[in-house]
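Enquirer: For reference, the structure I am asking about is given below.
The values are calculated or read from the model by the stated rules, or taken from the named source; none is laboratory data. In this text, all values refer to a predicted model and were calculated from it rather than measured experimentally. Here the Cβ positions follow ideal geometry from the backbone for every residue, glycine too, while neighbour counts run over all protein chains shown.
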Amino acid sequence: MAKFTRIEVLMKMKDTGIVPLFYHSDIELSKKVLKACYDGGARVLEFTNRGDMAHEVFAALIRFANQELPEMALGVGSVTDQGTASLYMQMGANFVVTPVLREDVALVCNRRKVLWSPGCGSLTEITRAEELGCELVKLFPGGTYGPGFVKAILGPQPWTSIMPTGGVAPTEESMSEWFKAGVFCVGMGSQLISKKVVQDENYSQLTEDVKSAVAIARKYQ
């Protein structure tokens, strides 16, 4: 069962401004990355379901988060069907992110009152997601659409909350453009948690990078 309600998760995303995305098959390394992000001020993290036995890594991570990182809302991304969503929710996932709009995932998440964020790329998809109870739309791939798309959507639909993922860099130039367009928060993967930082196990650098990104996001919210 999720530790945090969907509204609590949503507010953590709003307050932090960023949602780090990460996957690695090594459990101990993943714990260190999670803690480094937490130490940098992140209070949400999306563990991407991308490798074989990824759910086993997630199970270890959420136990670690619940015991050692009390304010961390750990969720899962790259979910493609309701069975996978249910599996991760059974392990305590606090939110579920899908790369596309999946109505079957909406149903199982809503049944447990868990926040779900579907990948959308058109006003029609966004509207349908909101009809299905979506609080936060994932704009994916964000770099393909750009901040101008967000601004255009919020014209006729100012109630829509958008999180671009992909195409967002942890720099003031990039993030300010997105936040000025009206995004709710931003998702960042390898541009924030770089392969080099992970390979070098430079967790202190990762903490500083996350801290900087959070500070930028809060500046423009």
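Enquirer: Identify, by number, the condition in (1) at pLDDT below 95; (2) over 29 Å from LYS32 (Cα atoms) that PHE140 doesn't meet.
Expert: Every condition holds for PHE140 apart from (2).
Enquirer: Name the residues in the range 108-167 that are under 29 Å from LYS3 (Cβ atoms) and among the aliphatic types (A, V, I, L, M), would you?
Expert: Matches in the range 108-167: VAL108, VAL114, LEU115, ILE126, ALA129, LEU132, LEU136, VAL137, LEU139, ILE162, MET163.
Enquirer: Mind checking which pairs have a first residue in the range 118-142 that is over 13 Å from ILE162 (Cβ atoms) and a second that is at pLDDT 95 or above and outside any loop (DSSP other than H, G, I, E, B), Cβ under 6 Å, 6 or more apart or different chains?
Expert: LEU132/ALA106; GLY133/ASN110
Enquirer: Out of the range 1-23, which residues are assigned to a loop (DSSP other than H, G, I, E, B), surrounded by fewer than 21 Cβ atoms within 10 Å (Cβ to Cβ) and either of a type in the set (D, E, K, R) or touching a helix residue (DSSP H, G or I) at 6+ places or on another chain (Cβ under 6 Å) (or both)?
Expert: Once the filter is applied, which keeps residues that are assigned to a loop (DSSP other than H, G, I, E, B), surrounded by fewer than 21 Cβ atoms within 10 Å (Cβ to Cβ) and either of a type in the set (D, E, K, R) or touching a helix residue (DSSP H, G or I) at 6+ places or on another chain (Cβ under 6 Å) (or both), the range 1-23 yields only LYS3.
Enquirer: Of the residues LEU123, LEU45, which is surrounded by fewer than 23 Cβ atoms within 10 Å (Cβ to Cβ) and either farther than 23 Å from VAL210 by Cβ or touching a Gly at 6+ places or on another chain (Cβ under 9 Å) (or both)? Talk me through it step by step, then tell me what you get.
Expert: Numbers: LEU45 fails: surrounded by fewer than 23 Cβ atoms within 10 Å (Cβ to Cβ).
That would be LEU123, the only listed residue that is surrounded by fewer than 23 Cβ atoms within 10 Å (Cβ to Cβ) and either farther than 23 Å from VAL210 by Cβ or touching a Gly at 6+ places or on another chain (Cβ under 9 Å) (or both).
Enquirer: Here's a follow-up. Is there a residue in the range 183-191 that is more than 14 Å from GLY143 (Cβ to Cβ) and without any contact (Cβ under 8 Å) to a residue 60 or more places away in the chain? Don't jump to the end; show me each part of the working.
Expert: The initial filter retains those residues of the range 183-191 that are more than 14 Å from GLY143 (Cβ to Cβ), namely 184-185.
From what is left, the residues that are without any contact (Cβ under 8 Å) to a residue 60 or more places away in the chain are none.
The answer is no; no qualifying residue exists.
Enquirer: Right, here's the next one. Please find, within the range 84-104, the residue that is surrounded by the most Cβ atoms within 10 Å (Cβ to Cβ) out of those that are touching a residue at least 12 places away in the same chain (Cβ under 8 Å) and over 16 Å from the mean Cα position of the chain (by Cα).
Expert: Initial filter on the range 84-104 (touching a residue at least 12 places away in the same chain (Cβ under 8 Å)): 84-89, 91-104.
Now drop any that are not over 16 Å from the mean Cα position of the chain (by Cα), which leaves 84, 86-87, 91, 102-104.
Numbers: THR84: 19, SER86: 18, LEU87: 17, MET91: 19, ARG102: 22, GLU103: 12, ASP104: 13.
Top of the filtered list is ARG102.
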